[in-house]
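J.: After the structure tokens below, expect a handful of questions from me.
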Amino acid sequence: MSMHIEAKPGEIAEKILLPGDPLRATYIAEKFLESAKLVNQVRGALCYTGKWNGTDVSVMGTGMGIPSVHIYATELCTEYGCEQLIRIGTAGGMKEGMQVNDLVLSQATSTTSSLNDNWFQGSYAPCADFFLLRKAYDKAVEMNVRAYVGNTICNDLLYRDERFFKPELWAEFGIIASEMEGAALYTVAAHYRKQALTIMTIAGGPHVKEQTLTKEERERGLDNMILVGLKTLCEE
């Protein structure tokens, strides 16, 4: 039985969205899901299961950072049979021309974390599931939402010493966005032969053209990300 999730077997769907913020999980359940039921609230990691356009889907808050996502993704894969896991969250854009509310689909994730150092004799490169990635990009195009696809960087630290973390160097080698959870999700999914993808909404960043957006406009940008995730999980 899971150490950190109280849901009973069968109460979490095979398809699941994973926002970091548990209150965003509540928002998604209330706004997008039919007959949503709260199935976990241990440690505040709220999880709901309902239907979207007739398909069973869950949404669960995973908290911030690699260790938290690693715990929840592992238990969702091993204890609850989740097969398709899509992380949705915000990121810092690192590609010139990006704007707030653009989407990033993480094709692969570099990392400053030592997450995989104890497992491998070399540098393991966690990457997305190709079929989820391609489908998400197609859904974004259908919705007329601008989406960038590329390598992203997953950091252990939000408050970094810029003498040691060099965004311009990562960007020079093609890194398009910075976040804090993707490497753990992709590594766990690879370990247990599951499908995973990270979709992010650009919230700022050193190379991002800042926009003055209203609260409603920012919310609509997050809604685009949520809908791309739901369509990727639940539509053909």
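The values are calculated or read from the model by the stated rules, or taken from the named source; none is laboratory data. Keep in mind the model is a prediction, meaning the values are calculated, not measured. With ideal geometry, Cβ positions are generated from the backbone for all residues, glycine too; neighbour counts draw on all protein chains shown. With ligands, DNA and RNA removed, areas are computed over all heavy atoms of the protein, side chains included. Shrake-Rupley method; radii C 1.70, N 1.55, O 1.52, S 1.80 Å.
J.: Could you please tell me the mean projected area of the C-alpha convex hull for segment 87-212, averaged over all directions and given in square nanometres to one decimal?
T.: Computed as one quarter of the Cα hull surface, the answer is 8.2 nm².
J.: Pop out the Kirkwood hydrodynamic radius of the chain from its pairwise C-alpha distances, inverse of mean 1/r, in Å to one decimal.
T.: 17.7 Å
J.: For Val141 and Gln99 in one chain, what is 0.36 nm times their gap in residues minus the Cα-Cα distance, to one decimal in nm?
T.: Result for the pair: 13.4 nm of gain on full extension.
J.: In segment 8-48, if every C-alpha pair distance is counted and binned at 10 Å from zero, what percent goes to each bin?
T.: 29, 63, 9
J.: Here's something else I'd like to know. I'd like to compare 128-136, 3-11: which one has the highest average count of other Cβ atoms within 10 Å, and what's the full order after that?
T.: Per-residue Cβ counts within 10 Å, averaged per peptide and sorted highest first, yield 128-136, 3-11.
J.: Then there's this: Round to the nearest 0.05 the FRET efficiency obtained for Leu227 and Asp156 when R0 = 35 Å and r is the Cβ-Cβ distance. Can you show the working numbers first?
T.: Working: r = 30 Å, r/R0 = 0.87.
It comes to 0.70.
J.: While we're here: Would you look at the GNM of the chain, springs on alpha carbons closer than 10 Å, and say which of Thr109, Thr26, Thr152 moves the most?
T.: Thr26
J.: Lysines within cross-link reach of Lys166: Cα-Cα under 20 Å, excluding same-chain residues under 8 positions apart?
T.: Output for Lys166: Lys95, Lys209.
J.: Tell me the accessible surface of Ile12 in square angstrom (1.4 angstrom probe, heavy atoms of protein chains only), to the nearest ten.
T.: My reading of the accessible area for Ile12 is about 10 Å².
J.: Under 16 Å from the Cα of Lys37, which aspartates and glutamates turn up, not counting those fewer than eight places away in the same chain?
T.: Filter leaves Glu6, Glu11, Glu14, Asp56.
J.: What residues of segment 33-62 lie in the reach of a label at Asp21, counting those whose backbone N is under 15 Å from a point 7 Å from the Cα along Cα→Cβ?
T.: Counting backbone N atoms under 15 Å from the label point, the list is 46, 60-62.
J.: Going 7 Å from the Cα of Asn53 in the Cα-to-Cβ direction, what parts of segment 1-30 have a backbone nitrogen less than 19 Å from that spot?
T.: 13-18, 28-30
J.: List the residues whose amide H sits under 5 Å from the amide H of Thr90, counting only those 5 or more places along or on another chain, with H placed 1.01 Å from N in the peptide plane.
T.: Close amide H contacts, sequence-distant or interchain: Thr201.
J.: Here's something else I'd like to know. As a test question: what accessible area, to the nearest 10 Å², does Asp156 have when a 1.4 Å probe is rolled over all protein chains in place?
T.: Surface accessible to solvent at Asp156 totals approximately 70 Å².
J.: Quick check for you: with a 1.4 Å probe and neighbouring chains kept, what is the accessible area per residue of segment 53-108, in Å²?
T.: Using a 1.4 Å probe on heavy atoms only, each residue of segment 53-108 averages 31 Å².
J.: Accessible area of Cys82, 1.4 Å probe, to the nearest 10 Å²?
T.: 0 Å²
J.: At a 1.4 Å probe radius, which order do His191, His207 fall into by accessible area, largest first? Mind dumping the intermediate values first?
T.: Working: His191 95, His207 55 Å².
Descending accessible area places them as His191, His207.
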